[in-house]
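Please treat every number below as a calculation from the coordinates, not as lab data. Quick caveat, the model's predicted, so the values are computed rather than measured. Heads up, the Cβs are rebuilt from the backbone with ideal geometry, glycines too, and the neighbour counts pull from every protein chain shown.
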Amino acid sequence: MTRPAALQSVLDAALASFALRADDPRAQTSIDRCAGALATPGEIPGGQGARLAVCTHLDTAADPARATAPDLAKLLEAFKALEPRLTWRQRPGGGSTASANFTEGHANALITGPGGLERRGDVWLGVSLLAPHVRYPDHTHPPEETYLVLTDGEFQHGDSQWFTPGPGGTFFNTPGIRHAMRSHDAPLFAFWLLRAEGAGA
């Protein structure tokens, strides 16, 4: 099975940036395992992508011209070419920790993973977009996860205070840890990479 060139370009650029920028040894191990799994393509169904209204913020948040380093510019260029094929979705529910504008102020898209552009259960590569002044709710999931942040914005995991990785910053979430993110005056855009050990949802 052969991947579409646009998809392979995003995977190559994303894995390169994750590996270059992750400074947590646990993240490096997770990224290496993801790269090994992604060497074998998954199912690539047909269909058209779908945007949500909040995706107008991609023009700012995912603009390659605003990238702070060559590897990030390459990743955003590849993402820009692939993005029309992605299906953007809202996270169901918000809960007490979400901002009042959360539902219409966010969108997620899976590049690989269940329901993603490439359907597979072992590696989930996706992106999250927040409009300005949106607070994503506290949430947890079994797979370990590495974030690669492309804009300003704040994050929190476990018992940590809010912290700002900055454009090109990374951090690692251990399995099951509570985590969240929020934007301020500008939209927030980030990639995330999960090694799910074949898990489903």
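Around the Cα centre of region 5-195, unit charges on the Cβ atoms of Lys, Arg, Asp and Glu (plus for the first two, minus for the last two) sum to a dipole of about 340 debye.
Summing charges over all other residues whose Cβ lies under 9 Å from the Cβ of A37, with Lys and Arg as +1 and Asp and Glu as -1, gives +2.
Arrange the following residues from fewest to most other Cβ atoms within 10 Å of their Cβ: M181, M1.
Numbers: M181 23, M1 8.
By the 10 Å Cβ count, ascending: M1, M181.
Calculated mean residue ellipticity, 222 nm, the chain: -7500 deg cm²/dmol, from DSSP H runs (n ≥ 4) at -39500 (n - 2.57) each, averaged per residue and rounded to 500.
Each of W162, W124, W88 has some number of other Cβ atoms within 10 Å of its Cβ, and from fewest to most they run W162, W88, W124.
Sort region 84-157 into rounded, prolate or oblate with this rule: let a ≥ b ≥ c be the square roots of the eigenvalues of the Cα gyration tensor; rounded if a/c is under 1.5, and if a/c is not under 1.5, prolate when a/b is larger than b/c, oblate otherwise.
Prolate shape, in that a/c is at least 1.5 and a/b is the bigger ratio.
If I take every Cα pair under 8 Å that is 6 or more residues apart in region 5-195, average their sequence separation and divide by the length, what percent do I get for the relative contact order? Reported as a whole number, the value is 24 percent. Would the chain count as rounded, prolate or oblate if I go by the C-alpha gyration tensor, calling it rounded below 1.5 in a/c and otherwise prolate when a/b exceeds b/c, oblate otherwise? Here the chain falls in the rounded category. Dipole of region 119-201 computed with +1 at Lys/Arg Cβ and -1 at Asp/Glu Cβ about the Cα centre; of G126, A186, F163, farthest Cα towards the positive end is G126.
Rank-order 68-77, 129-138 by packing density, defined as the average count of other C-beta atoms within 10 Å over each peptide's residues, highest first.
Numbers: 68-77: 17.2, 129-138: 20.7.
Ranked from most to least packed, the peptides come out as 129-138, 68-77.
Place the peptides 146-156, 4-14 in order of packing, highest mean first, counting for every residue the other Cβ atoms within 10 Å and averaging per peptide. Write out the running numbers ahead of the final one.
Working: 146-156: 22.5, 4-14: 18.5.
Top to bottom by mean Cβ count within 10 Å: 146-156, 4-14.
Cβ crowding within 10 Å ranks T56, T2 as T2, T56, fewest other Cβ atoms first.
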